[in-house]
Each structure stands twice: as C-alpha cells, then as structure tokens.
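Undergrad: Mind looking over this structure? Questions follow.
No value in this document is a laboratory result; all are computed from the given coordinates. Keep in mind the model is a prediction, meaning the values are calculated, not measured. Quick reminder, even Gly has a Cβ in these numbers, built from the backbone with ideal geometry, and neighbours come from all protein chains shown.
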Amino acid sequence: MMPFSPARDFLHATLDGSFSAARHWQNDTLDIAWPADGVLTLQPRHHDAATLDHVLLSAGVHGNETAPIEVLNRILDDVLAGRLPLHCRLMLVFGNPPAMRNGARFIDYDMNRLFNGGHRQQAQAREAGRAAQLETLAVDFLQQAAPGSRRLHYDLHTAIRGSVFEKFAIYPFTDGRPHQREQLLWLESAEVSTVLLHSKPSPTFSYHTSHHAAADAFTLELGKARPFGHNDLTRFAGIERALRRLLSGSTAPLPAYDAARFALFSAKYDLIKHSEQFVLHLADSVENFTALPDGMTIAEDGEIRYVAEGGSERILFPNPKVGIGLRAGIVIQPCQLT
Ligand SMILES: [Zn+2]
C-alpha cells in the first residue's frame, strides 16, 4: 500500500519525518520505491526500465528554497495519481529535509559545497552524511540507464538575491564533453536562456552527477527564495510545464540552435577572500549579473585589488561574509559555444 496520499503528500510526509525504512510498492501503472528520507524513485511498469530516459529532479538542497520543492511535489502528486503519465524513470530528491523543516538554507554547512567528495573535509557537519548518501543514490540511479537512453539531472534552486536575469542555469564543468545544444534549447523551452558555463570542477550536486554519471546536469536558479506558502508558483510556470512534458515524453520538437536567443557566460575568475581585510565594493543589495564598468575596483584584500576590465564583465553570487579562503563572488564574461 501507498504510505502517503494526496491528503498527506510526499512533501508533508518528508516534513513530518515519516520515513523509517526503505520500502517499495506499486500502483496500477508505477513501481515506486522510497529508499531514503526525501527520496522517491518511480518507473512505469511493463517497460524495459533501462531503455527509458533516467531523470533526476532535485530541490531543497538548500532547505529554504521552497518554490521548486512545491513545484516538484505538485508534479509528483499528478504522477502518483495517474494524471500525468510517466514515460521515463524518475528519481525525485528533496535534498536537505532537516533544513526544510527549519526553514533554513542549511543546518551546519552549505550542502551544495559538499558533493564530489567535499563532505569528507566537513565530516562533522550534519549535511556531510546526507551529501554522501545522495551521491550514491543519484549515481546508482543514473548509471542504470542503458546506452542510448538519456541521463538528466536538474537541481532546482532559488537565489538569495535578485538577478538582472531572473532565471538562469549553471552548466557544470563537463570534463571536456561537448556542451549539448539540445539541452540549452530545452532550458529555453523552460524560460531559462541565461547560462553560465562553468570551467572547473565544483562541489555541487549537478557537477557530481555530471562527473560521476556522465549526466547532462544543471543547477537551475529560478527566482527568489521565500517561505513555504508564500510563493507565486505562476512565476515558475515555464519550468513546471517543461518538466511535465519531459516526464510524460511530450516535449515539442525543439527549434534549431540560435546563439542570439541565449545569454551565455563563462567564469573568468573567483573573488577569493584571503583575509579579514577583504572589502567588496558592491552594495549589499547588488543583483546577480550586475555589469562591472571598465576600471571599477570590485574588491580589495590587503595588497590585492580586483579591477573590472573591458566593461562586459558581470558579478555572480557576491557574498563578502564567507569564511577566509572561500569564494566571495564570481566575475563572469560573455561567451559563445565552441
Ligand atoms: Zn540554492
């Protein structure tokens, strides 16, 4: 029997701490497994599962980023009730349930800095064990895909600050694999046409699945973080519609790639906070993707000065409050696919 119902859905089962041990069950059309707190896998019965696309959807890696959690929960409800047919294998992950219960970004440590083995350096953090668990579950799931079926991972977030481009994607470092135009076109169909192409490994969930499972994986920043129940989910209609079509195998044919429809950026360098003397010369309220005029001093750190060059650079994820040795922002610049 199904351990939760539309009246007490998976999100509320997670927030209530209902998970006790791994379980499996079936309904008319689906095989369902609940292998861990906040993790559910679903596959259509009567299909050769390995030949289906394998889709990992995650939200709540930052526990206070509630809108994507609510969007995924709504989609899941429709899949479980048979209102949305499933034509892939789906793993749905609510990343950090203890933080979600507290309405907090994290309990001890930012979990999206603990993947790709990063948890081993922060073993005392409560998020460390969870990151290790999700690494294993996610990679084991994606690696069950047969050759020729797609391995996709979309990790959904909302940002702390406003953004010049409200929605954007981070395409993690691909370890030399070519960037997939088809994926950019799908993102555009989800109303995400600003993309940062990352140029080196990072301790994020999406880089982990890209690197260890060769998934087409993305971190999606979809708007601003608000508490449960305070989200205007119509602002997330683009991603919700695109995900529903993806899961049900009804994505419309995508147009030819046209670079003019995208704003692509690459990371130029990280602003590193080397000492307590670090000063960021940007207002606390500065938005992501704010342009940095040529010659502007972006930050100072003792003898070090970070100066903007050329006028087309922009700032991403500025945060002068990080610890010593950590990244206090990324300077990015426009780029094209090669
Ligand atoms: Zn986030």
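Undergrad: Defining a contact as two alpha carbons under 8 Å apart and six or more residues distant in sequence, what relative contact order in percent does the range 63-156 show?
TA: 24
Undergrad: Now a separate question. Relative contact order of the chain, please, whole-number percent, based on alpha carbon pairs below 8 angstrom and at least 6 residues apart.
TA: Dividing the mean separation by the residue count of the chain yields 15 percent.
Undergrad: For the range 215-223, in order, what is each residue's ³J(HN,Hα) by Karplus, 6.51 cos²θ - 1.76 cosθ + 1.60 with θ = phi - 60°, in whole Hz (x at glycine and Pro)?
TA: Each residue's phi maps through the Karplus curve to give 7, 7, 10, 9, 8, 10, 9, 10, x Hz.
Undergrad: Let me know the Rg and Dmax you get for the range 151-277 when you use only its Cα atoms, in Å.
TA: 15.5, 54
Undergrad: Taking only Cα atoms, what is the 0 to 90° angle, nearest 10, from helix 126-142's long axis to the longest principal axis of the chain?
TA: 60
Undergrad: Could I ask something else about it? At 25 °C and 0.890 mPa s, grab the translational diffusion coefficient of the chain from Stokes-Einstein with a Kirkwood Rh over Cα pairs, rounded to a whole number in µm² per second.
TA: 118
Undergrad: Is it possible to state the helix-based mean residue ellipticity at 222 nm for the chain, with each DSSP H run of 4+ residues giving -39500 (n - 2.57), the sum divided by total residues, to the nearest 500 deg cm²/dmol? What is it?
TA: -6500 deg cm²/dmol
Undergrad: Between helix 66-80 and the chain, what is the angle of the helix's C-alpha long axis to the longest principal axis, kept within 0 to 90° and rounded to the nearest 10?
TA: 20
Undergrad: With charges only on Cβ, +1 for K and R and -1 for D and E, what is the dipole size of the chain about its Cα centre, in debye, rounded to 20?
TA: 360
Undergrad: Another question, then. How much of the calculated P(r) for the range 63-122 lies past 18 Å, in percent of all Cα pairs?
TA: For the range 63-122, the share of Cα pairs beyond 18 Å comes to 49 percent.
Undergrad: Taking Cα atoms, how many degrees apart are the long axis of helix 237-248 and the longest axis of the chain, rounded to 10 and kept between 0 and 90?
TA: So the helix axis and the longest Cα principal axis differ by about 40 degrees.
Undergrad: A further question on this structure: What ³J(HN,Hα) values, in whole Hz, does the Karplus curve 6.51 cos²θ - 1.76 cosθ + 1.60 give for the range 99-107 when θ = phi - 60°, with x put for Gly and Pro?
TA: 5, 4, 4, 8, x, 10, 4, 7, 8
Undergrad: Could you give the C-alpha radius of gyration of the range 267-334 expressed as a fraction of 2.2 N^0.38 Å, taking N as the number of residues it contains?
TA: 0.99
Undergrad: For the range 194-338, what percent of Cα pairs sit more than 21 Å apart?
TA: 58
Undergrad: Let me ask something additional. Based on alpha-carbon centroids, what's the gap between the range 208-264 and the range 283-338 in Å, whole number please?
TA: So the separation of the two Cα centres works out to 26 Å.
Undergrad: How long are the semi-axes of the ellipsoid equivalent to the range 105-188, from square roots of 5 times the Cα gyration tensor eigenvalues, in whole Å, largest first?
TA: Semi-axes from the Cα gyration tensor: 25, 21, 11 Å.
Undergrad: Spelling out what I want: for every residue of the range 143-156, take phi, set θ = phi - 60°, compute 6.51 cos²θ - 1.76 cosθ + 1.60 (Karplus), and round to whole Hz; glycine and proline get x.
TA: 6, 7, 5, 5, x, x, 9, 7, 10, 10, 9, 10, 9, 9
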